[in-house]
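Step one of this worksheet: look at the structure below.
Laboratory data are not the source of any read-out in this text; all were calculated from the coordinates shown. Bear in mind that the values here come from a model prediction, so they are computed numbers and not experimental data. FYI the Cβ positions are ideal-geometry reconstructions off the backbone, even for glycines, and counts take in every protein chain you see.
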Amino acid sequence: MTPETGNENAVLDRIIGERRTHRKFTAAIPPDEMIESLIHAGLHAPFAASAIGSTSDYFRKFFVIRRDSKTMSALALLVFAEVNTLAAALEKGMAHDVALREQATAFTDRLAMIRKLGRVPGVGTAPFYLVVAEKKGFPPVEQQSLFACMENMWLKATALGLGFQVVSVTAQMADNEQFCRLLGVEPGKWAFMGCATGYPAEQLSPSIRPSVGEVTTWMG
């Protein structure tokens, strides 16, 4: 390992360790160039080429929605409505399914908190809400590709000093006609994942994880 490579690895290790989920953002608006840097990082994330196949329409799209815009207001209502629909469906299913009730209790508690809050955290609570769309293919691995994209964007945000929050409920909007129409994509043809970003309102300590030795088994 050369000194230059060692320095690069040290920087990467620091960024990985400092990456955290930020849920509070300042009112300051990051410059568009920073957001474009996140998108550039997302574009370089891996994807399932065999699932996508050949297409004249690029398989990955990015949508940047600014806080306090008309589009943000419209999308926020749609995403919150989806949370209500999902919560109602889960409650109905859990009433007759003990296994589902045991598995989904923590998730339904989270949905209940969002419903009480009256909005989905990350959608309108940060300067930018980004939606990434990945064309669906076979086998259906678009969500794996989307989270690889989120990973790259998250690391880049950390390197830039931006806060980052994955908005996972965005994935549930893929078949929502109104949501898709606002983005200009065909419902059901694209998978979604979303994130919020802006300057963090508080500095979080680096993440704490067990040592590599505690969680690793070397197989002979």
task: Using packing as a proxy for protection, rank 125-133, 172-180, 146-154, 31-39 so that the peptide with the highest average count of other Cβ atoms within 10 Å comes first.
output: 125-133, 146-154, 172-180, 31-39
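Using only DSSP helix segments of four residues or longer, with each worth -39500 (n - 2.57), what per-residue ellipticity at 222 nm results for the chain after dividing by its residue count and rounding to 500?
-15500 deg cm²/dmol
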In sequence order, calculated HN-Hα J values of segment 9-15 (Karplus, 6.51, -1.76, 1.60; Hz; x Gly/Pro): 5, 5, 5, 4, 4, 5, 5
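In the structure shown, do any of Lys70/Lys156; Lys92/Lys136; Lys24/Lys116 have a Cα-Cα gap over 23 Å, and if so which? Walk me through the numbers before you get to the answer.
Values: Lys70/Lys156 28 Å; Lys92/Lys136 29 Å; Lys24/Lys116 18 Å.
Among Lys70/Lys156; Lys92/Lys136; Lys24/Lys116, the Cα-Cα distance tops 23 Å for Lys70/Lys156; Lys92/Lys136.
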statement: segment 1-20 and segment 170-205 have their Cα centres apart by a whole-number Å value of 30
task: Determine one quarter of the surface area of the Cα convex hull of segment 1-103, which equals its mean projected area, and express it in nm² to one decimal.
output: 13.1
Positive-pole candidate from Pro140, Phe62, Ala48, dipole of segment 21-150, charges at beta carbon: Phe62
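If you place +1 on the Cβ of every Lys and Arg and -1 on the Cβ of every Asp and Glu, how big does the dipole about the Cα centre of the chain come out, in debye to the nearest 20?
Numbers: 22 positive and 22 negative charges, 119 e Å.
Taking the Cα centre of the chain as origin, the dipole is about 560 debye.
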query: Which percent of the Cα-Cα distances in the chain go past 24 Å?
result: 52
- prompt: What order do you get for His22, His44 when you list them from fewest to most C-beta neighbours inside 10 Å?
  reply: His44, His22
task: Sort 75-84, 181-190, 162-171 for me by packing, meaning the mean count of neighbouring Cβ atoms within 10 Å per residue, highest on top.
output: 162-171, 75-84, 181-190
- request: Could you tell me which of Gly213, Leu160, Pro31 has its Cα farthest along the dipole of the chain towards the positive end, charges placed at Cβ (Lys, Arg +1; Asp, Glu -1), taken about the Cα centre?
  value: Pro31
statement: Under 5 Å from the placed amide H of Phe25, counting only residues 5+ away or on other chains, we find Ala201
- request: Treating only the Cβ atoms of Lys and Arg (+1) and Asp and Glu (-1) as charged, compute the dipole magnitude of segment 94-220 about its Cα centre; round to the nearest 20 debye.
  value: 260
statement: With +1 at each Lys and Arg Cβ and -1 at each Asp and Glu Cβ, the charge dipole magnitude of segment 1-110 around its Cα centre, to the nearest 20 debye, comes out at 360
